[in-house]
Amino acid sequence: MHARDTIHIEKPVRIPLIVGNWKMNKTPSEAAAFIRDLLERLTPSPKTDVVLTPPFTSLESASKALGPSSWINLGAQNLHWEQQGAFTGEVSASMLRELNCRYVIVGHSERRMLFGERDETIQKKVRAALVQGLAPILCVGESLAEREAGKATSAVTAQLDVNLAGLAQQELASVIIAYEPVWAIGTGRAATTEQAVAVHQSIRSFVEAGWNSTTAAAIRILYGGSVTPQNAESLLASEAIDGALVGGACLNPDSFATIVRIAQTRRA
Ligand code: PGA
């Protein structure tokens with residue numbers, strides 16, 4: 001057999017992605033100062049993608065502080081599914097695109113719990129983001145009661161079942177899934193690496209069953225919920241975990257930069 005006859009089945013490279021979810025923090029001037037500080041602490045690396053998601057009102061100053069061809073990308077924390085119209089207080093995907101956003105968080109548990117977002121609404125948002133060229137970072141996760149009842153995996157896949165309904169393979173390829181157990185968000189009680197890996201594997205199996213193994217192998221699945229510089233090493237060392245959605249620890253430039261560096265230097 002000649003070398004050129006050999007069939008190489010390449011494992012897809014899932015570049016780690018670290019997302020900083022600022023939530024309702026940082027004014028435009030604070031955002032600019034934070035980004036200047038962060039850029040001094042970090043060295044770009046093709047081995048890790050980094051996304052910052054400031055509040056809507058700080059996107060423009062964040063974009064300016066990052067500069068026109070920054071290696072750090074911008075995302076928003078929410079969007080409306082319609083393009084424009086009489087939707088007081090809402091922001092559309094095209095508005096976000098014009099502020100240089102490439103990503104958008106969809107279905108965060110705070111949106112689900114505090115603002116009544118339902119799975120069907122989240123599905124419309126995922127679709128609207130994709131149609132407008134934004135990569136949705138879709139958040140799913142079980143409550144403490146669901147975990148204690150042994151229903152963590154089924155709760156997560158029930159969300160995904162609705163949130164990803166009807167997506168074609170090419171569309172799903174642009175989706176990032178963030179597994180965020182509700183009991184771990186902002187509590188200081190992160191999931192163990194084993195707990196996260198088990199759910200990540202079931203998410204990948206769900207994608208394989210609903211679409212195919214190529215899509216399942218390529219989709220990035222992040223972990224979120226009390227990620228810190230202390231636990232990032234263990235979480236990111238696992239092959240099943242493709243990055244982190246960081247809340248509290250992303251507000252401090254030192255701790256966020258440390259988490260990014262851990263991702264940049266993880267397995268060769
Ligand atoms: P946390 O938040 O890191 O503060 O737990 C994560 C998130 O809500 O995305």
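The values are calculated or read from the model by the stated rules, or taken from the named source; none is laboratory data. Being a predicted model, the structure only gives us computed values, none of them experimental. Virtual Cβ from ideal backbone geometry, glycine too; neighbours counted across all protein chains shown.
Just to be sure, is I241 more than 18 Å from V182 (Cα to Cα), surrounded by 18 or more Cβ atoms within 10 Å (Cβ to Cβ) and under 18 Å from the mean Cα position of the chain (by Cα)? Don't jump to the end; show me each part of the working.
Numbers: more than 18 Å from V182 (Cα to Cα): no; surrounded by 18 or more Cβ atoms within 10 Å (Cβ to Cβ): yes; under 18 Å from the mean Cα position of the chain (by Cα): yes.
No: the conditions fail for I241.
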Within the range 134-180, considering residues that are under 16 Å from W81 (Cβ atoms) and over 17 Å from the mean Cα position of the chain (by Cα), the one surrounded by the fewest Cβ atoms within 10 Å (Cβ to Cβ): G166
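Residues checked against (1) part of a helix (DSSP H, G or I); (2) over 30 Å from D37 (Cα atoms):
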residue	(1), (2)
S205	yes, yes
T214	yes, yes
E233	yes, no
L245	no, no
I262	yes, no
Is it the case that some residue within the range 182-197 is under 19 Å from I18 (Cα atoms), among the hydrophobic types (A, V, I, L, M, F, W, C), in a helix (DSSP H, G or I) and more than 14 Å from the ligand (Cβ to nearest atom)? yes
Going by the structure shown, is R189 at pLDDT below 95 and surrounded by fewer than 22 Cβ atoms within 10 Å (Cβ to Cβ)? no
Before we move on, is A257 away from the ligand (no atom under 15 Å from the Cβ) and either buried (at least 17 other Cβ atoms within 10 Å of the Cβ) or aromatic (F, W, Y) (or both)? yes
Do any residues in the range 117-129 that are more than 11 Å from E82 (Cβ to Cβ) and modelled with pLDDT of 95 or more have Cβ atoms under 9 Å from those of residues that are part of a helix (DSSP H, G or I) and of a type in the set (G, A, S), where the two are at least six apart or on different chains, and which pairs are they? D119/A158; A129/A93
